[in-house]
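Reading through the structure tokens given below for one structure.
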Amino acid sequence: MPLARKIPQTIRIAIAIAVPWFFLLPTSPLRPPPVLGEEPEKKESLLIDVSGLVSPPPQASFVLEPYGPLIFWSGDDIGKPRGFAFGPDRDSGGAETCERSDPGALVGLENLFQILTDLRNGRRADSQAEKPAGPELSVQGGRIRAEGTAEEVRWVRSVLQPAVEEAETSLQVECLLASPEALEAARPGWRDQGIYFEAEVFEKLLSDPRSRLLRASGRSGQRLEAGSEEVFSFLNDYEVSQAGVIPVINPVLSSFPAGERLEALPVWPDRDGPVWLDIALGSYRVKAESWYLGCDLGTVELPVVDELLLSTVVSAPAGQAILLGEISRASNGEPAAILLQVKASPAGESRSEEKKPAGLRFYDLSLLFSRPGGKIWPGPGSRKLFSDERAFPWNADDFEERFRARAPEVWGKKENRLWARGRCLAVYGSEEAHRTVKKFLQDEMSRSFPMAMAALTGLKLPRDQYLKLRALEEAGGWLKPGWSEGIKPAGDQMLWRCSVAGVPGEFLGLRQVKLQGFIAHFELVAGGTGFAVVEIPDAVATTCGEGLDFRQAWDRSGGQDLVRWRLLGADAALKEMRDLKATVPTQQVLEEGGTRLQRGQSHAHAGSARLAETVQDLNLQAPHQQVRSWRLERFLQAGRDAILSAEIDREGVASVLIGRLDPAPAGR
């Protein structure tokens, strides 16, 4: 009998399983000895979260805009708001209604994976090993997964870590509303010292009890918002509905937000350069005044709003305070100086430039091809007035080719790689390569976005002093230096002063007004049957007020030291609000035969008709405003005062508008 038949089947199965493993045991004498110096390959895996690079940040809604028109009879943007009678339109969609697009994610996940794959394939081509160098790459959600040896995984980490850390850098945008007197105490003579302030001045103003702070945090390319608000509900209207046969009157409650709000969109092309910032600041105080409409319609509550709005685009160095603007009025309105400070907070451990690995870094090129945006205020009319068709010097389609040609000695080296993907420039290589990109972006930012302060001053002078002022004008139309020392006004010299800092070609707006809601007119809404026509008056409310509203833009001119300044503005004073009564017919009745009773016929002519007309009184309001408005374009010499407008009234008092544009020092 064969030996196999004498061994039970269960034992035979156990031997068949155990014998192969015996040969594979490290201590098995039958296993071949390992080659000297050879280590068994160990596979590691790495999962890196790149969502900060590939996922668009959440966007806040931008809702800041004027509550209503400053001039009730005007037809331009200062006279009429966009799309409603008064009150910020919180249902307008905010971010969806802006005229400019969001920057979105810096680089798409597909592009990032392709760039990393290109680098991995280039590393394989350079490898002298028999087996191609790894690692294996894959995508899992918003993460990149790498599998390979420990050295291969470390390489992936060194490539992605600098880009991930920079993408997770947080920006803090702080806006401070301070008293001009407190700013004078913290920095004497600040109006003559330019736009840029030391951070210590900002901190000193924070300790002043009159100062108010708004702070928002987020990433580059993200719409930010901050502030608090109170919402007041007023019975501000009676809506006359014609859904049925007879018009129906429905009371309407409306919400009026008050408080302070900051809206900002920062774009940071280079972590060593300035931050481009589209910013708006609003402050509202709201109360209500009751008004009886008459005609048995009841009482409505009309809003009275104190409003401060600033809108501008600036280029702000991180960690340094800048003066956004100032407004001071002699008659009314709280004076305010508005300061801005942008700080960067690294997400990970900060490293010195010497220890920072080259790695892969991404640079935002969106400002070279377009302008992200943007605020709702001003409306489309102001955008059309101030914004020209831009001719950008760079194009996304051929940027990579043109950029390589600028520094062939850098990009000709094998270790330096770059990819232009939409608005993103990806760079991998030596610090020399990154310094080349940084210098390019800083030069472009300095050339395209130089900062300047546009300042306007309203003066009230006697006739003889105005003639003395005219004598100080030079041939170019600007005033001689030190002109204010020779002017001695009688009474108040300065009516108001306002200034806004900004970059060329962008909208700069400043508005400080007190708006009064009033009943401007009634519209008769008719309805009825074959026997009667019912007419019900529908009240129409709007606003007017007093204060300043200036919208301006400046551009560099081809002439030496000349700037092109475009201005739309108004200075309004509400002299009186008169109460009026209007008498209107509100009901007509037809005869049984269907013949309409003519207006003015007596009841004797009416036959069987009972009542011809119902006459009632309606209460209206008639504002009396004094308005000085400007719509002009001038070429001015930078850093010099110029008379933009002047008029002398019947009393011999001159109202003068003086403008000045001060460029900020280069390299800040």
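Data table
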{"read-out": "Percentage relative contact order, segment 257-333, counting C-alpha pairs under 8 Å, at least six apart", "value": "29"}
{"read-out": "Derived scalar couplings ³J(HN,Hα) [segment 631-647; Karplus, 6.51 cos²θ - 1.76 cosθ + 1.60; whole Hz; x for Gly, Pro]", "value": "9, 8, 9, 9, 9, 10, 7, 4, x, 10, 6, 9, 7, 8, 7, 7, 8"}
{"read-out": "Under Karplus coefficients 6.51, -1.76 and 1.60, residue-wise ³J(HN,Hα) of segment 441-453 in Hz, glycine/proline x", "value": "5, 5, 5, 5, 5, 5, 6, 7, 10, x, 8, 8, 10"}
{"read-out": "Along each principal axis, Cα extent of segment 143-248, largest first, Å", "value": "82, 60, 23"}
{"read-out": "Under-5 Å amide H pairs with Ala288, H placed in peptide plane, nonlocal only", "value": "Val304"}
{"read-out": "Distance histogram in 5 Å bins (all Cα pairs of segment 441-513, percent per bin)", "value": "3, 12, 16, 17, 14, 14, 11, 6, 4, 2, 0"}
{"read-out": "Size of charge dipole - segment 233-325 - debye, nearest 20, with Cβ of Lys, Arg +1 and Asp, Glu -1, no other charges", "value": "140"}
{"read-out": "In Hz, Karplus ³J(HN,Hα) per residue of segment 55-61 (6.51, -1.76, 1.60; θ = phi - 60°; x = Gly, Pro)", "value": "9, x, x, x, 10, 7, 8"}
{"read-out": "Amide H contacts under 5 Å for Thr169, placed H, 5+ residues apart", "value": "Ala347"}
{"read-out": "Sequence ranges 248-254, 364-370, ranked by mean other-Cβ count within 10 angstrom, highest first", "value": "364-370, 248-254"}
{"read-out": "Met577 accessible area, assembled protein chains, probe 1.4 Å, Å²", "value": "50"}
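The values are calculated or read from the model by the stated rules, or taken from the named source; none is laboratory data. As the structure is a computational prediction, the values presented were derived from the model and not from experiment. Here Cβ is always computed from backbone atoms with ideal geometry, including for glycine, and neighbour counts include all displayed protein chains. The area values use the complete protein model at the heavy-atom level, side chains included, leaving out ligands, DNA and RNA. Shrake-Rupley method; radii C 1.70, N 1.55, O 1.52, S 1.80 Å.
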